[in-house]
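Below is one structure, written out as structure tokens; comments come after it.
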Amino acid sequence: MNTSFDIIIVGSGAGGGTMARALADTGAKILVIERGDFIPQEDQNWSAEAVWKQLRYRTTETWRDEGGIPFRPYTHYCVGGNTKFWGTVMYRLRPEDFGVVQHEDGVSPAWPIDYATLAPYYDRAEQLYGVHGEAGVDPTEGPRGPYPYPPVPHARVVSEIVTRLTQQGLHPSALPLGLQPSCILCNTCNSFPCKIHAKSDAEVCGIGPATKQANVTLWTNARAHRLFTDASGKRIESVEVERAGQMTRVSAPLVIVSCGAVNSAALLLRSANDQHPGGLANSSGLVGKRYMAHLATMMQGFHPFRVNDTVFQKTVAINDFYFKGPHSPFPLGQIQSQGRTHGVMAQTVAPMFPVRAFEAWSARGVDWLAMTEDLPRVENRVTVEANGGIRLHYQPNNLRAHKRLVRETRCMLRKLGFWMVVTHSHKSKNTTHQCGTLVFGTDPRKSVLDTYCRTHDIENLLVVDASFFPSSAAVNPGLTIVAQALRVADHIKSTRA
Ligand SMILES: Cc1cc2nc3c(=O)[nH]c(=O)nc-3n(C[C@H](O)[C@H](O)[C@H](O)COP(=O)(O)OP(=O)(O)OC[C@H]3O[C@@H](n4cnc5c(N)ncnc54)[C@H](O)[C@@H]3O)c2cc1C
Ligand code: SF4
């Protein structure tokens with residue numbers, strides 16, 4: 001078995017899958033190590049029962065919260081990572097998100113790069129992931145050209161809502177969505193894998209095309225346990241991988257960790273050694289710290305006499321409160337329409353009622369997501385327990401702003417005529433938008449990674465996934481992870497040449 005490569009990438013999600021694709025044409029011998037398997041294309045992909053009740057594709061691993069209580073994180077270990085399940089909402093950060101932003105509950109820090117630096121990579125990321133959208137309508141968007149593909153048309157009910165939102169003085173805009181031409185706009189997209197591979201995910205747009213090239217090897221069901229440094233402590237010498245029950249060591253002059261924000265931090269912490277007693281690349285003491293996730297509340301407007309016949313509902317966003325609220329000078333966040341709630345999904349929240357009741361309810365509801373920025377706090381962090389398990393210490397913050405956003409959304413929905421608005425939040429156990437555990441920056445005392453995601457301490461170790469975010473902004477993170485991966489890949493190519 002070959003154990004020596006030019007580049008090792010650990011993880012095949014938004015960061016790792018994109019890196020593999022972007023580096024494949026270098027001809028370098030690339031090994032992608034992925035702890036999960038391919039998601040099979042099967043009927044259960046689109047079954048709410050399988051996805052929401054049986055949690056068929058979710059990891060069975062448990063993490064512990066800060067009180068030591070075990071919980072099953074909302075995350076997936078598979079080829080393509082969490083992008084296999086994402087809602088394909090692919091937003092650019094707003095230009096202001098790259099600067100210091102004062103929030104009601106504290107400061108959102110500046111990024112070491114600005115919007116203009118990432119903009120060309122956002123363009124390429126949108127091309128690579130086939131993003132549909134409409135430029136020039138969203139009042140918060142930065143300078144940009146047209147989207148690669150036109151916006152997904154609103155269904156009748158959503159279209160009527162958009163007209164009435166505009167009459168309320170709001171500025172609804174098309175949700176940017178990464179969809180392949182074969183998409184049939186079904187009602188099992190967000191949180192479901194796509195049975196026909198029409199979702200722009202990191203398997204379809206990253207790993208799949210990359211592994212068509214002979215120089216790219218993918219190991220599935222292969223889990224990286226530790227990284228070993230050489231005698232100088234300045235370079236990664238090998239990666240210890242468990243594959244088919246066997247421990248193997250593989251090596252490469254360049255190692256890119258892309259395990260997702262929680263697992264990448266955990267891998268560095270687990271790899272502590274004499275030269276790096278606090279975990280690898282941790283001279284700043286920041287590895288695992290500043291964990292962020294968005295504050296998110298699902299909201300449903302209900303009207304007993306209005307049947308909602310929409311199939312694909314996730315097409316509109318309202319960003320009017322992104323920078324400030326109508327009754328607050330501080331940012332509140334973003335409102336998006338959501339995929340249709342299935343009865344089974346609702347029943348997981350209140351199992352005492354029959355699924356038929358929820359189906360009848362959901363048929364008369366329109367679903368929304370209210371999302372607010374989470375601020376980085378050093379107390380919110382990932383640690384590793386003596387047995388190697390993950391502990392997630394997390395207390396949400398910026399709650400007042402989020403409550404205001406939920407209030408404004410409720411008010412907006414009531415003005416639309418909905419009789420009732422019900423809300424649900426996964427609260428602090430929602431790890432879907434995890435980020436920020438290995439912050440990037442220019443000062444090695446205040447950051448773990450440099451601006452090209454190379455660790456300050458270990459010259460051949462990069463981390464390219466959601467870990468590098470200095471702030472979480474209030475838009476979905478995926479496109480920014482992909483854009484930064486493309487930027488890092490370009491940098492690797494130019495510095496290796
Ligand atoms: C239901 C859901 C809906 C979402 N919707 C959206 C959306 O609409 N828009 C958006 O922008 N974002 C969305 N997200 C978030 C988005 O999916 C993540 O931000 C993104 O996938 C993170 O990319 P990543 O590279 O950091 O990690 P991931 O994509 O999670 O990839 C990490 C990979 O590393 C592998 N791995 C972990 N540890 C190891 C190890 N030790 N050894 C080997 N492999 C390892 C994992 O199996 C995984 O494949 C959603 C997430 C979920 C769960
Ligand atoms: S067909 Fe389209 S809407 Fe349905 S799951 Fe696939 S990508 Fe999503």
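Explain nothing, just the number: relative contact order of the stretch 330-404, from Cα pairs under 8 Å at least 6 residues apart, as a whole percent. It would help to have the intermediate numbers written out before the result.
Numbers: 83 pairs, mean separation 25.2, N = 75.
Relative contact order, the stretch 330-404: 34 percent.
The Cα atoms of the stretch 449-497 give a gyration tensor whose axes a ≥ b ≥ c have a/c of 1.5 or more with a/b no greater than b/c, which makes the shape oblate. Rounded to the nearest 10 degrees, the angle from helix 115-128 to the longest Cα principal axis of the chain is 80 degrees. Kirkwood radius, the stretch 363-497, all distinct C-alpha pairs, inverse of mean reciprocal distance: 17.7 Å. For residue 154, neighbours were defined as the other residues whose beta-carbon sits under 12 Å from its Cβ, and their charges (Lys and Arg +1, Asp and Glu -1) total 0. The ranking of 64, 356 from fewest to most other beta carbons within 10 Å of each one's beta carbon is 356, 64.
Rounded to the nearest 500, what is the chain's calculated 222 nm mean residue ellipticity when only DSSP H runs of at least 4 contribute -39500 (n - 2.57) each, over all residues? Intermediate results must be reported in sequence, preceding the final value.
Numbers: 9 runs with 100 residues, N = 497.
Only helices count here, giving -6000 deg cm²/dmol.
What list do you get for 86, 419 if you sort them by fewest beta carbons within 10 Å? Walk me through the numbers on the way to the answer.
Values: 86 27, 419 13.
Going from sparsest to densest Cβ surroundings: 419, 86.
If you take all other residues with their beta carbon under 12 Å from the beta carbon of residue 138, and give Lys and Arg +1 and Asp and Glu -1, the sum is 0.
Convex hull volume per residue, computed on the Cα atoms of the chain, equals 140 Å³. For a paramagnetic label modelled on residue 96 (point 7 Å from Cα along Cα→Cβ), amide N atoms under 20 Å away belong, within the stretch 388-428, to 398-409. Taking only Cα atoms, what is the 0 to 90° angle, nearest 10, from helix 399-415's long axis to the longest principal axis of the chain? Between the helix axis and the principal axis of the chain, the angle is about 30 degrees. Please give the FRET efficiency for residue 225 paired with residue 25, using the beta carbon to beta carbon distance and R0 = 35 Å, rounded to the nearest 0.05. The computed FRET efficiency comes out at 0.70. An oblate overall shape is assigned to the stretch 61-106, the ratio a/c of its alpha-carbon gyration tensor axes (a ≥ b ≥ c) being 1.5 or greater and a/b not exceeding b/c.
A 21 angstrom limit on the alpha carbon distance is what I want to check against. Which of 29/84; 195/314; 324/403 exceed it?
Working: 29/84 26 Å; 195/314 18 Å; 324/403 13 Å.
Violating the 21 Å limit, Cα to Cα: 29/84.
Quick note: the coordinates plus some simple rules give every number you see, no bench work behind them. Being a predicted model, the structure only gives us computed values, none of them experimental. When we count neighbours, we look across all protein chains shown, and the Cβ atoms used for this are built from the backbone with ideal geometry, even at glycine.
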